[in-house]
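Read through the structure below, which is laid out as structure tokens, and then see the notes.
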Amino acid sequence: MTADKNKKAQVYCTDFRTKAFGDGLPTKLQKLIKKAGIGQIDMDGKFVAIKMHFGELGNLGFLRPNYARAVVEVVKKLGGKPFLTDCNTMYPGSRKNALEHLYCAWENGFTPLTVGCPILIGDGLKGTDDIEVPVVGGEYVQAAKIGRAIMDADVFISLTHFKGHEMTGFGGAIKNIGMGCGSRAGKTEQHSGGKASIDPAKCRGCQKCLKECANDALSFDARTKKTRVIEENCVGCGRCLGACNFDAIAFTNFAANELLNRRMAEYAKAVVDGRPCFHVALVVDVSPNCDCHGENDVPILPDLGMFASFDPLALDQACVDACLQAPPLPGSQLAANLAKRGFVDHHDHFTNSTPASEWRTCLEHAEKIGLGTRAYELVRMK
């Protein structure tokens, strides 16, 4: 189904203010998604996948389980059979297989008791339970490798923590859907556009990057006390980039981020095409890096609100526009960069926070292939 680029999509939003002794934020979120039209979807007796990120162990920036439960309760009242889901990661950590992934989710507070529904890992025990889904209009991906449980669902809902990202500028709905729903093989396909390179002059030999590489693409030389890249093994996932505190790692293919963005948009289109979908994003705890990190830094921007739409592209555009209009938070990575002597101000909070990142090509390509529209009408709810 191709979106009408000439028609504005409606994006509903509200802030995080609550009246004294009034509704809590989970109730406010429920009111928002109802106002945005989630009730228009026939969920009676249908399996409903709610895609979210459970957070890496050590990270506290992910969305609280309370928000997930709020969405689950609405789906149940509409007659749906909801389950929370995510797919395994391609890098070492707490979520590379279903068992560790579930333990991670539980430790971060996501259990059937707390969220009110089952939790399923979309691509199975080892990340190999996927299905190839054709990408209509795809230019870079002909068939996306998506977690089978996600594609088996009758209705798809994305619940996104909108934050910064070290490669894609920000992580919004499209990234949550496209990258998040890809199996381990699917994630590798999206990331494989560039190769890492290490500047020996900047490398401190701390070996933190080695712990992030799942492909034996990094080797530490005990004699020189430097790390080097084994290019034939590198898949361009970017985990080493986020692990390095000394800016020693870059990508030799300067189009890597742009290629990643376009593939990610095409993966997202494969997930949402042909079935009812609804999308929610919370711009809260806007950390500079992905929730895949085992830590989260000080937020770079204030908590700006909750957003909901049937159009994932319009949702991302509305969220990024709100972020670009907000003031940087003192003491954050963004503020520190802007205060550096000689720093070039890009007049873009996400680029200023992580200058090596790039986000515009994702939204441009998403519109080109008919994932949605960047033209939106913002409907504010108090």
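Just checking, how many residues over region 110-136 are assigned to a helix (DSSP H, G or I) and closer than 16 Å to E100 by Cβ?
Of the residues in region 110-136, 0 are assigned to a helix (DSSP H, G or I) and closer than 16 Å to E100 by Cβ.
Which residues, counting only those in region 198-233, are assigned to a helix (DSSP H, G or I) and surrounded by 13 or more Cβ atoms within 10 Å (Cβ to Cβ)?
C209, L210, K211, E212, N233
Under 6 Å between Cβ atoms, at least 6 apart or on separate chains: pull out the pairs that start in region 89-115 with a residue that is free of Cβ contacts under 8 Å to residues at least 12 places away in the same chain and end on any residue that is open to solvent by 40 Å² or more (accessible area, probe 1.4 Å) and part of a loop (DSSP other than H, G, I, E, B).
That search, which allows pairs on different chains as well, returns P112/P118.
Just the residues that are among the aliphatic types (A, V, I, L, M) and free of Cβ contacts under 8 Å to residues at least 60 places away in the same chain, please, taken from region 172-208.
A185, A196, I198, A201
Would you point out which residue out of P82, P26, P65 is of a type outside the set (A, V, I, L, M, F, W, C), touching a helix residue (DSSP H, G or I) at 6+ places or on another chain (Cβ under 6 Å) and surrounded by fewer than 20 Cβ atoms within 10 Å (Cβ to Cβ)?
P26
All but one of (1) part of a loop (DSSP other than H, G, I, E, B); (2) within 23 Å of the chain's Cα centre (by Cα); (3) of a type in the set (A, V, I, L, M, F, W, C) hold for L32; state the number of the condition that does not hold.
Only one criterion is unmet by L32, namely (1).
Please find, within region 245-265, the residue that is surrounded by the most Cβ atoms within 10 Å (Cβ to Cβ) out of those that are farther than 23 Å from I177 by Cα and either at pLDDT 85 or above or polar (S, T, N, Q) (or both).
I249
Six or more apart or on different chains, Cβ atoms under 8 Å: show the pairs whose first residue is in region 327-341 and under 19 Å from F246 (Cα atoms) and assigned to a helix (DSSP H, G or I) and whose second is of a type outside the set (F, W, Y) and open to solvent by 50 Å² or more (accessible area, probe 1.4 Å).
Q333/D297; Q333/V298; A335/L329; N337/P355; L338/D345
The values are calculated or read from the model by the stated rules, or taken from the named source; none is laboratory data. Keep in mind it's a predicted model, so treat the numbers as computed, not measured. With ideal geometry, Cβ positions are generated from the backbone for all residues, glycine too; neighbour counts draw on all protein chains shown. Please note that ligands, DNA and RNA were not included when accessible areas were found on the heavy atoms of the full protein model with its side chains. Shrake-Rupley method; radii C 1.70, N 1.55, O 1.52, S 1.80 Å.
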